[in-house]
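Undergrad: Provided herewith is a single structure, encoded as structure tokens, for subsequent inquiry.
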Amino acid sequence: MGLEDDPFDHRITKSGTVMVSRGGQHVVTVAGAQAQKLIGKLGRSDEEDQQLLARATGNYRRGNERRGGSGAS
């Protein structure tokens, strides 16, 4: 299940925080300078917004996860 099937949603509050949810469940609230940077980047494209929101929540693959299998490290 990817971002296309289960996208993030966000709401920007009057106080400048970004409330991020997914599947109707609140995931994280981003505040302060981090929220202002995120707000400045949101709105360019839906795909880019999804990546930004995933990074803000920590639900982002960084490419260093092991993919299974049995091998020596």
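Undergrad: Taking a quarter of the surface of the convex hull around the Cα atoms of region 8-57, what do you get in nm²?
TA: With every direction weighted equally, the projected area is 3.1 nm².
Undergrad: Scan around Val27 for amide H atoms under 5 Å from its own, H built in the peptide plane at 1.01 Å from N, and keep only partners 5 or more places away or cross-chain.
TA: Val20, Ser21, Arg22
Undergrad: For Ala33 and Asp9, what does the FRET efficiency come to when R0 = 25 Å and r is the distance between their Cβ atoms, rounded to the nearest 0.05?
TA: For Ala33 and Asp9, the calculated efficiency is 0.65.
Every number in this text was worked out from the coordinates using simple rules, so none of it is lab data. All of these numbers come straight from a predicted model, not from anything done at the bench. Heads up, the Cβs are rebuilt from the backbone with ideal geometry, glycines too, and the neighbour counts pull from every protein chain shown.
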